[in-house]
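A.B. asks: Quick one: structure below, then a few questions.
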Amino acid sequence: MGFHSCKRLRTVPAPISSIHHPSLFYNPKFVRCSLRILLLSDIHANLEALEACLASAPPYDIVANLGDLVGYGASPNEVIERSRRLGKIFVRGNHDKAVTGQVKLDDFNPLAATSALWTRDQLTSEHRDWLHSLPHGPVALEGVPQAQLVHGSPADEDAYVVSIGDALVPLLAITTPLTFFGHTHLQGGFFANGGSADGFRPEYRTVGQAESISLHLKSNTRYMINPGSVGQPRDGDWRAAFALFDTETQIVHFHRTPYNLKSAQERILSAKLPPRLATRLAAGR
């Protein structure tokens, strides 16, 4: 599969005031090994979407999961089992915490709370214990010292980094040049250099085919990059989202792929979860 030029990424410049600290910025010399890292986030118990991503993914060496394996969808045990077979690199998400009793559901909306309670009843004891043991971010990537994994943001695992305003503080504060995050279900990210900060979103040509767009990372720049949500995108595109980071070429490849939406919806309805959890998948919201 070919990749489109990053010039088709939508950017919104936002000047900032900062002191240039070269040691804090992304530098290709920091790479210790050549790896192709498959980045998955916010699967949300959508087995059909996960399998579609794995089927369409280019060759990869390791898999990194940015949290929220469960919640909303109707296949929590199947998704956990499949994810555990893929590798051992995980950070926990807020839904992972909720279904294992590590946070109260008071701050969850009714749909999320209902799903969390249903998921608690469905999980095997082994899977519940495993979810409970997941580490909070940031998590380092062995062999890739310039990158780290979080669910929300480096300072707060539950924070939503949606706008350039949300991203400015962590971008200026972090000492790790490259942060992969999830939580927002919005594919894209943010970057900052010595004098400016921008946000970007991949712009695809279709709404129903498998596509990819590449972003070449630049030196002297810090990044926060979201691979998008596998199981419940919220950017108006129903297709499952994921990304692949090539440490040798320093390119992040964003991907979208269609999946068996009808099957995922039928699982939700058969489980007697709120119908809205099924219908929203088609809208990508």
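A.B. asks: Among A159, A74, A173, which one shows the biggest mean-square fluctuation in a GNM of the chain, springs joining Cα atoms closer than 10 Å?
C.D. replies: A173
A.B. asks: Another question, then. For T175 and D121, calculate 0.36 nm times their separation in residues minus their Cα-Cα distance, and state this gained length in nm to one decimal.
C.D. replies: Length gained, T175 through D121: 15.4 nm.
A.B. asks: Let me make sure I get this right: for segment 191-241, a, b and c are the square roots of the gyration tensor eigenvalues over alpha carbons, sorted descending. Under 1.5 in a/c it's rounded, otherwise prolate if a/b > b/c, else oblate. Which is it?
C.D. replies: In terms of gyration-tensor shape, prolate.
A.B. asks: Of the candidates V169, V161, V63, which one comes out as most mobile in a Gaussian network treatment of the chain with C-alpha springs shorter than 10 Å?
C.D. replies: Result for the chain, Cα springs under 10 Å: V169 fluctuates most.
A.B. asks: Let me make sure I get this right: for segment 58-161, a, b and c are the square roots of the gyration tensor eigenvalues over alpha carbons, sorted descending. Under 1.5 in a/c it's rounded, otherwise prolate if a/b > b/c, else oblate. Which is it? Please report the intermediate quantities before stating the final value.
C.D. replies: Working: a/c = 2.15, a/b = 1.36, b/c = 1.58.
Oblate is the answer for segment 58-161, as a/c is 1.5 or above yet b/c matches or exceeds a/b.
A.B. asks: Around V63, with a cut-off of 13 angstrom between Cβ atoms, what is the net charge of the other residues, counting Lys and Arg +1 and Asp and Glu -1?
C.D. replies: Cβ neighbours under 13 Å give a net charge of +4.
A.B. asks: Gaussian network model of the chain, Cα springs within a sub-10 Å range: biggest mean-square fluctuation belongs to which of T100, T176, T206?
C.D. replies: T206
A.B. asks: Let me ask something additional. Dividing the Cα convex hull volume of segment 106-195 by residue count, how many Å³ per residue is that?
C.D. replies: In segment 106-195, the Cα convex hull volume per residue is 133 Å³.
A.B. asks: Pull out the extension gain between A155 and R205, defined as 0.36 nm times the separation in residues minus the alpha carbon to alpha carbon distance; nm, one decimal.
C.D. replies: So the chain would gain 14.5 nm between A155 and R205.
A.B. asks: Enumerate the calculated ³J(HN,Hα) couplings along segment 275-283 in order (Karplus 6.51 cos²θ - 1.76 cosθ + 1.60, θ = phi - 60°), each rounded to whole Hz, writing x wherever the residue is Gly or Pro.
C.D. replies: x, 4, 5, 7, 5, 5, 4, 5, 8
A.B. asks: Of all the stretches in the chain, which is the longest one without any exposed loop site, taking GluC sites (Glu not before Pro) in a DSSP loop (any state but H, G, I, E, B) with at most 16 other Cβ atoms within 10 Å? Could the numbers behind the result be given before it?
C.D. replies: Working: sites that count: E142, E203, E248.
That gives 1-141 as the longest site-free run.
A.B. asks: Let me ask you something else. What is the spin-label model distance, in nm, from N109 to S263 if the labels are put 7 Å beyond Cα along the C-beta direction?
C.D. replies: With each label point 7 Å from Cα toward Cβ, the separation is 2.8 nm.
A.B. asks: Next question, about the same structure. Which of rounded, prolate or oblate describes segment 172-285 when judged by the alpha-carbon gyration tensor and an a/c cut-off of 1.5?
C.D. replies: Taking the square roots of the gyration eigenvalues as a ≥ b ≥ c, segment 172-285 is prolate.
A.B. asks: To the nearest 10 degrees, how steep is helix 261-270 against the longest Cα principal axis of the chain, on a 0 to 90 scale?
C.D. replies: 40
A.B. asks: If each DSSP helix of 4+ residues adds -39,500 (n - 2.57) and the sum is divided by the residues in the chain, what number results at 222 nm, nearest 500 deg cm²/dmol?
C.D. replies: Computed ellipticity for the chain at 222 nm equals -7500 deg cm²/dmol.
A.B. asks: Under unit Cβ charges (Lys, Arg +1; Asp, Glu -1), what dipole magnitude, rounded to 20 debye, does the chain have relative to its Cα centre? It would help to have the intermediate numbers written out before the result.
C.D. replies: Details: 28 positive and 26 negative charges, 100 e Å.
Using only the charged Cβ atoms, the result is roughly 480 debye.
A.B. asks: Dipole of segment 88-185, Cα-centred, from +1 at each Lys and Arg C-beta and -1 at each Asp and Glu C-beta, to the nearest 20 debye?
C.D. replies: Details: 6 positive and 11 negative charges, 25 e Å.
The calculation lands at about 120 debye.
A.B. asks: What does the charge count near D129 come to, summing +1 for each Lys or Arg and -1 for each Asp or Glu among other residues with Cβ under 15 Å from its Cβ?
C.D. replies: Computed value for this residue: +2.
A.B. asks: Okay, next question. Note the full-extension length gain between V162 and N220 as 0.36 nm times their separation in residues minus their Cα-Cα distance, in nm to one decimal.
C.D. replies: Separation in residues times 0.36 nm, less the Cα-Cα distance, equals 18.6 nm.
Just so you know, all these numbers are worked out from the coordinates, no wet-lab data involved. As the structure is a computational prediction, the values presented were derived from the model and not from experiment. Counting neighbours? That spans all protein chains shown, and the Cβs are built from the backbone with ideal geometry, glycine included.
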